[in-house]
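The values are calculated or read from the model by the stated rules, or taken from the named source; none is laboratory data. Quick caveat, the model's predicted, so the values are computed rather than measured. As a convention, Cβ positions derive from the backbone with ideal geometry for all residues, glycine included, and neighbour counts pool all protein chains shown. When the accessible area is computed, the model is the full protein with side chains, heavy atoms only, and any ligands, DNA or RNA have been set aside. Shrake-Rupley method; radii C 1.70, N 1.55, O 1.52, S 1.80 Å.
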Amino acid sequence: MAHAVVTGGSGFLGSHLVDTLLDDKYRVTVLDNHGSGRPANLAHIEPSRLNVRKHDVREPFPEFDDVDVVYHMASRASPDDFDSHAVEIALTNSEGTKNALECAREHDARTVIASTSEVYGNPEAHPQTEEYNGNVNIRGPRAPYDESKRFAEALAVAYRQRYGMDIRTVRIFNTYGPRMRPDDGRVVPNFLSQAISGDDLTVYGDGSQTRSFCFVSDLIEGIRRFADAPAEDAAGEVVNIGNTHEITIRELADIVLEVVDTDSEVVQKPLPQDDPELRCPDISKAREMLDWEPEISISDGLERTIPYFEKQLSLSA
Ligand SMILES: NC(=O)c1ccc[n+]([C@@H]2O[C@H](COP(=O)([O-])OP(=O)(O)OC[C@H]3O[C@@H](n4cnc5c(N)ncnc54)[C@H](O)[C@@H]3O)[C@@H](O)[C@H]2O)c1
């Protein structure tokens, strides 16, 4: 059985990734400090099928007999944490990425690094292709996250140049679905929690800023296709994975109000500094290289997510 090490495997995306790896008969080890992730995200898996180790990736990885692929997913990703956990995030994406790459180097394993559309900052190019170098405020409030992700990408390039390793970098655009924490702080959990609880939906600014929301199963399918693609196509590559259906935050609020049975209304609050105005992936490369594109519409994806949020909110009530 091939052995996959998944950092951040107790988190939202990591836990869905683990599910697909187990389905495909991988032996899976999760390394997670359970900071923003939760063991409950993996509770549906028979314990004998999965090795979960509480481990902070800022520390060197445990010894393994063999590793075939490292998926480096660990990092807090909520803007709510960019200030309160700034140093932790910056070091998770720098020291943590180094430790992930060192583990892969020792075992001659493939590495998949989870980067983010945040590396494009407040983009002047639209939609964003992988060639676009971004417009990031290196001293801004998002810098501990977006600059450290940029460093993670640079470190991956350096390790590949120096050691010839098979390293693949995926730039993930806004993704949502079951297993996001209702109090995660990102916009979809915010809106769903508010609508289900009957509270008003908070829109920052006038809501004209755009995002493109990808349902989690589409995203994980894209990551797996990239990870499993032949080395001659994918080693050393970076690819955008996300949904191209761009909507304003105000439109998202209206869709949530349609799909959740609620009396909530929309209220506006001031826009945080450096909140990107536009965000939409160009996924031509993923289409061509991986024959992949997302299939699930925003309203379908929200319908699939609502029961999870209803359950979580009733448990915490
Ligand atoms: N969900 C999105 O829309 C999105 C978008 C762009 C990029 N990403 C990236 O995808 C990855 C997963 O994000 P997510 O949305 O699942 O967030 P999440 O917070 O649910 O998951 C992150 C996981 O990493 C763990 N973690 C954080 N720091 C760690 C450390 N130092 N050591 C060990 N474990 C640590 C957390 O406990 C958690 O389980 C992150 O790298 C994130 O930057 C996500």
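Points to keep in mind about this one:
- Across segment 121-160, the qualifying residues are those that are open to solvent by less than 60 Å² (accessible area, probe 1.4 Å) and of a type in the set (A, V, I, L, M, F, W, C), and the one among them that is farthest from N99 (Cα to Cα) is A125.
- Set side by side, the residues H72, H107, H34 differ, and just one is open to solvent by less than 40 Å² (accessible area, probe 1.4 Å), assigned by TED's automatic domain parsing to the domain that holds G236 and within 19 Å of the chain's Cα centre (by Cα), which is H72.
- Residue in segment 277-286 that is more than 27 Å from A109 (Cβ to Cβ), more than 19 Å from the chain's Cα centre (by Cα) and open to solvent by less than 80 Å² (accessible area, probe 1.4 Å) present: yes
- With respect to being assigned to a helix (DSSP H, G or I), more than 12 Å from the ligand (Cβ to nearest atom) and over 30 Å from V260 (Cα atoms), A100 falls outside the description.
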